[in-house]
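A.B. asks: Right, I'll just put the structure down here and ask away after.
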Amino acid sequence: MVATVLVVEDEYKLRQLLRSYFERDGMVVYTTGSGAEALAISRRGPLDLVVLDLGLPDLPGEEVLRELRQVDSTPVLVLTARSEEKDRIAGLELGADDYVTKPFSPRELVLRARAILRRGVPNGQPERGPASYGQGNLVIDEEHHRVSVRGQEVELTPTEWGILLTLARTPGRPYSRYELINLVRGYEYEGYERTVNSHVKNLRQKIEQEPAHPVLVETVLGLGYRLGVDRDR
Ligand code: CA
């Protein structure tokens, strides 16, 4: 499968550099320097990944990210010159799948993009057929990459999917944040604890009936998270 990536970056040189790196990696690449055009491109057809600079001339990158998220669950890797903690967290809370601060090495960016494209699937063979949890409240069809909650299909980002799939491998077993980020992304980086928290927060918004009182993805104090329902037999 050839991946299609959209690079949204207003610096011409950087845009061209990223294009050449992704093309060398065998991807189909669209580029634009405008947030409005990026949204138009995303509505035209499915993309496997969007690399989004937050500092765009026409629209705030955060707004572009929010709108991209409303279209579907296309993975987004955010680029920013702003290295402040609050900006990083804001991007992750909006549901970015990864975050790279400028200046960065294009080679590393491509590696991170590839990690996202692997869709955060934990190691091991995907399970055949849907698995049901908590009296059918939660159904995960790993093979077809689908999740339904109370009979309703939900769209998850790759990171949310990876976290949920990991927890569902062994219901009830607590996973630390460190473990989750490692299993899901295959590497660890600064700020991973808050990153995992942000993704779990977004995941709960999508799958919990009352996100403030979660029953599917439970917090294990001082450690991390676990799946709070058993697998149905
Ligand atoms: Ca910029």
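The values are calculated or read from the model by the stated rules, or taken from the named source; none is laboratory data. None of the values given here were measured: they were computed from a predicted structure. Glycine also receives a Cβ, built like all others from the backbone with ideal geometry; neighbour counts cover every protein chain displayed. Accessible surface areas use protein heavy atoms only, side chains included; no ligands, DNA or RNA. Shrake-Rupley method; radii C 1.70, N 1.55, O 1.52, S 1.80 Å.
A.B. asks: Given a 1.4 Å probe and heavy atoms of the protein chains only, how would you sort Phe104, Phe22, largest accessible area at the top?
C.D. replies: Phe104, Phe22
A.B. asks: May I ask you to derive the relative contact order of the chain, considering only C-alpha pairs under 8 Å and at least 6 residues apart, and to give it as an integer percent?
C.D. replies: Values: 410 pairs, mean separation 33.8, N = 233.
Worked out over the chain, it gives 15 percent.
A.B. asks: Now a separate question. By average Cβ neighbour count within 10 Å, what is the ranking of 42-49, 198-205 from highest down? Working shown, then result.
C.D. replies: Numbers: 42-49: 15.0, 198-205: 20.5.
Averaged packing, sorted descending, gives the order 198-205, 42-49.
A.B. asks: Rg (Å, one decimal) plus Dmax (Å, integer) for the alpha carbons of segment 4-119?
C.D. replies: 12.6, 35
A.B. asks: Using the heavy atoms of the protein chains and a 1.4 angstrom probe, tell me the accessible area per residue for segment 4-119 in square angstrom.
C.D. replies: I get 45 Å² per residue for segment 4-119.
A.B. asks: Same structure again: P(r) tail for the chain, what percent of Cα pairs lie past 27 Å?
C.D. replies: On the way: 8992 of 27028 pairs.
Result: 33 percent of Cα pairs exceed 27 Å.
A.B. asks: For the chain, what % of the accessible area comes from carbon and sulfur atoms, probe 1.4 Å?
C.D. replies: That share works out to 48 percent.
A.B. asks: How far apart, in nm, are two points set 7 Å out from the Cα along the Cα-to-Cβ line at Val2 and at Arg194?
C.D. replies: 4.0 nm
A.B. asks: A further question on this structure: For Leu47, what residues show an amide H to amide H distance below 5 Å, using hydrogens built from the backbone and excluding near sequence neighbours?
C.D. replies: HN-HN under 5 Å from Leu47: empty list.
A.B. asks: Further question: Could you state the per residue volume, in Å³, of the convex hull enclosing the Cα atoms of segment 131-227?
C.D. replies: Convex hull volume per residue, Cα atoms: 92 Å³.
A.B. asks: Something else about it: By how many degrees, 0 to 90 and rounded to 10, does the Cα axis of helix 61-71 deviate from the longest principal axis of the chain?
C.D. replies: Computed tilt is about 50 degrees.
A.B. asks: Nearest 10 degrees is fine. How inclined is helix 192-207 to the longest principal axis of the chain, computing both from alpha carbons?
C.D. replies: Relative to the chain, helix 192-207 is tipped by roughly 70 degrees.
A.B. asks: Between Leu59 and Asp230, what length comes free when the chain is fully extended (0.36 nm per residue of separation minus the Cα-Cα distance, one decimal in nm)?
C.D. replies: Full-extension gain reported as 57.1 nm.
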